[in-house]
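These notes are about the structure you will find just below.
The values are calculated or read from the model by the stated rules, or taken from the named source; none is laboratory data. As the structure is a prediction and not an experimental result, all values here were calculated from the model. Please note: Cβ atoms are built from the backbone with ideal geometry, for glycine as well, and neighbour counts cover all protein chains shown. Side chains included, ligands, DNA and RNA excluded: accessible areas come from the protein's heavy atoms. Shrake-Rupley method; radii C 1.70, N 1.55, O 1.52, S 1.80 Å.
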Amino acid sequence: MIKTIIGYLPSIVIPTIISLITTVIYGNYMEPESYGEYNIFLTTVSIVNTLLFSFMSSSVLRFYNSFENNHQQFKVVSTYVLTTLGLLLILNVFIFPFKGFEGVFLVCCIGFIGIINLFTNILRASENIKWFNIIKSLIPLCTLFIVLYYVFYGTLNTKNAILSMYIPMGFLSFIMALVFLKQGLIRFNSEAYEKKIFKDSIKYGMPLAFSGLLYLVLSSSNRYLISYFLGNTQVGIYSFAYRIAELSLVNVTMIIILATHTQLVKEYDQFGKQRAEKLLNKYLSLHFIIIIPVVILMTFYVDEFMNVIFPVYSEGAIIVKFTIIGTMFFTISAYTDKAFQLTKNTRVILKILLICGLLNILLNLILIPKIGIEGAIIATIFTYVVYVWLSVKLSEKYIKIVFPFKTIFYLLVVNILISLLIFVIDKNLLINNISRSILGITIYIILYSLSIYFLYKNKRI
């Protein structure tokens, strides 16, 4: 389990570090209004991609293994590639009369993210960890180089930030397509396209696609409402703060999830439900071991880092503190959803998200006009809590998810004691804020690691 997680570490750690650097650049070279417009474009692309293409990138993770066992994985890949190209052509035909070449550019961005997600998930499904790590690292690295070019030789505005995001995806998608063609995974003939794969993917993947869309409603609809009621500057501040929370929690969770999914599918298909339950609950315990100290450290030190590194967005520090609570519950849903994905009952996820999406929109409409950005935060936190509760209750019919309350108790005790010690140390250090923060985080990580080792050796967790 740990070995597999470590194998996927580069695909999260390297992009996260590069994304932090890019975020620092955005925070110092883009005005909040420009960053808000950029974020609105990204959200729009994500929504269309999720609705039209994500059902294939989700389905390939579930179906690739069974076709690989019969040496027919080319049918899965070819079916999805041909379907993607067909959908992009249809989308261009519909959008060009209304938006012209601006619409074509939008479709290209949608296509680039859709194809790169499909191709990287093919690497995941085939357990080609090496190239998965390389591709996932190259995308943000290329983005960083393009962003730096605009910083030094041009202007980092909304348009150039968008180009920096999607050009690397398009280039790497083209290279990967050539490789898959050479390997015979992509074939353009009647034997390669299988209608049954498409139908099964619609049945399995479309509920996940609509679920992904509703996830975006949960996490992003408030940005449109903030833009409408408060303006793009406030969208920029909220989006930037949300991005900080997302980098710290969602990316940490992804390290575990990347390793989890393929293993869970194999355990469930080959050994049955009980083995899959046991493995899923082990991963959930590991999640809490990692995520709880991250939440506490972010709450402690986000003010200092925002003031020093992102002064333009420093007022967003309080947003990060509250957003990180909602994001914590969001990360738990990555595990509760597995109960429905493994048993191919993805429609249940859709029903839960439909309820929570409507609840989120309603709360945002009520709270944002009255109390501003704080209303969006409250709506998001409450909705994520409701989502986790509903998914745990409804998953009992399929796979029993056991929350490790004993482990959580020990973790809370350890983290509270270390936090009190760090608080005392901080108050007695006569050094500047950023140095004190770095020292405090270092001491915290060392003490926490030793405590976890002690608890594990004594079988307390």
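Which residues, taken from the stretch 159-196, are open to solvent by less than 20 Å² (accessible area, probe 1.4 Å), touching a residue at least 24 places away in the same chain (Cβ under 8 Å) and not hydrophobic (A, V, I, L, M, F, W, C)?
TYR166, PRO168, GLY170, SER173, GLY184
Any residue at all in the stretch 385-407 that is over 30 Å from ALA276 (Cβ atoms) and touching a residue at least 12 places away in the same chain (Cβ under 8 Å)? Lay out the reasoning, then the answer.
Filtering the stretch 385-407 for residues over 30 Å from ALA276 (Cβ atoms) gives none.
No: the stretch 385-407 contains no residue that is over 30 Å from ALA276 (Cβ atoms) and touching a residue at least 12 places away in the same chain (Cβ under 8 Å).
Could you list all residues from the stretch 379-411 that are open to solvent by less than 80 Å² (accessible area, probe 1.4 Å), part of a helix (DSSP H, G or I), farther than 17 Å from PHE340 by Cβ and not aromatic (Phe, Trp, Tyr)?
ALA379, THR380, ILE381, THR383, VAL385, THR407, ILE408, LEU411
Given (1) of a type outside the set (A, V, I, L, M, F, W, C); (2) modelled with pLDDT of 90 or more; (3) not in a helix (DSSP H, G or I), where does THR79 come up short, assuming only one miss?
The failed condition is (3).
Could you check VAL235 against (1) open to solvent by less than 20 Å² (accessible area, probe 1.4 Å); (2) modelled with pLDDT under 85; (3) over 22 Å from ILE47 (Cα atoms) and say which number it fails?
Checking VAL235 against (1) open to solvent by less than 20 Å² (accessible area, probe 1.4 Å); (2) modelled with pLDDT under 85; (3) over 22 Å from ILE47 (Cα atoms), the one that fails is (3).
Going by the conditions given, is ILE257 open to solvent by 20 Å² or more (accessible area, probe 1.4 Å), over 24 Å from TYR35 (Cα atoms) and among the β-branched types (Val, Ile, Thr)? Step through it out loud before you land on a result.
Values: open to solvent by 20 Å² or more (accessible area, probe 1.4 Å): no; over 24 Å from TYR35 (Cα atoms): yes; among the β-branched types (Val, Ile, Thr): yes.
The answer is no for ILE257.
Taking the stretch 117-175 on its own, how many of its residues are outside any helix (DSSP H, G or I) and under 30 Å from PHE67 (Cβ atoms)?
Residues in the stretch 117-175 being outside any helix (DSSP H, G or I) and under 30 Å from PHE67 (Cβ atoms): 3 in total.
Pull up the stretch 89-110, narrow it to residues that are buried (at least 18 other Cβ atoms within 10 Å of the Cβ) and free of Cβ contacts under 8 Å to residues at least 60 places away in the same chain, then point me to the one that is nearest to the chain's Cα centre (by Cα).
Top of the filtered list is VAL107.
Mind listing just one residue for me: the one in the stretch 351-373 that is under 23 Å from the mean Cα position of the chain (by Cα) and open to solvent by 20 Å² or more (accessible area, probe 1.4 Å) and, of those, nearest to ARG275 (Cα to Cα)?
LYS351
Would you check if TYR301 is crowded, with 19+ Cβ neighbours inside 10 Å, within 19 Å of PHE403 (Cα to Cα) and not hydrophobic (A, V, I, L, M, F, W, C)?
Numbers: crowded, with 19+ Cβ neighbours inside 10 Å: yes; within 19 Å of PHE403 (Cα to Cα): no; not hydrophobic (A, V, I, L, M, F, W, C): yes.
So TYR301 does not fit the description; no.
Consider the stretch 424-461. How many of its residues are open to solvent by 80 Å² or more (accessible area, probe 1.4 Å) and in contact with a Phe, Trp or Tyr (Cβ under 8 Å, 6 or more places away or on another chain)?
Here the count works out to 1.
Keeping to the stretch 260-286, report how many residues are at pLDDT 85 or above and polar (S, T, N, Q).
Going through the stretch 260-286 one residue at a time, the tally reaches 3.
Which residue is farthest from GLY7 (Cα to Cα), if the candidates are limited to the stretch 241-268 and must be more than 15 Å from the chain's Cα centre (by Cα) and touching a residue at least 40 places away in the same chain (Cβ under 8 Å)?
Residues of the stretch 241-268 more than 15 Å from the chain's Cα centre (by Cα): 241, 262-268.
With the extra rule that they be touching a residue at least 40 places away in the same chain (Cβ under 8 Å), the set shrinks to 241, 262-266, 268.
On the way: ALA241: 30, THR262: 13, GLN263: 13, LEU264: 16, VAL265: 18, LYS266: 18, TYR268: 22 Å.
So the residue we want is ALA241.
Go through the stretch 165-184 and give me each residue that's over 14 Å from THR120 (Cβ atoms) and of a type in the set (A, V, I, L, M).
MET165, ILE167, LEU178, LEU181
Given the criteria part of a helix (DSSP H, G or I), hydroxyl-bearing (Ser, Thr, Tyr), out of contact with any strand residue (DSSP E or B) (no Cβ under 6 Å at 6 or more places or on another chain) and open to solvent by 10 Å² or more (accessible area, probe 1.4 Å), does THR262 qualify? Steps first, answer last, please.
Values: part of a helix (DSSP H, G or I): yes; hydroxyl-bearing (Ser, Thr, Tyr): yes; out of contact with any strand residue (DSSP E or B) (no Cβ under 6 Å at 6 or more places or on another chain): yes; open to solvent by 10 Å² or more (accessible area, probe 1.4 Å): yes.
Against the criterion (part of a helix (DSSP H, G or I), hydroxyl-bearing (Ser, Thr, Tyr), out of contact with any strand residue (DSSP E or B) (no Cβ under 6 Å at 6 or more places or on another chain) and open to solvent by 10 Å² or more (accessible area, probe 1.4 Å)), THR262 qualifies.
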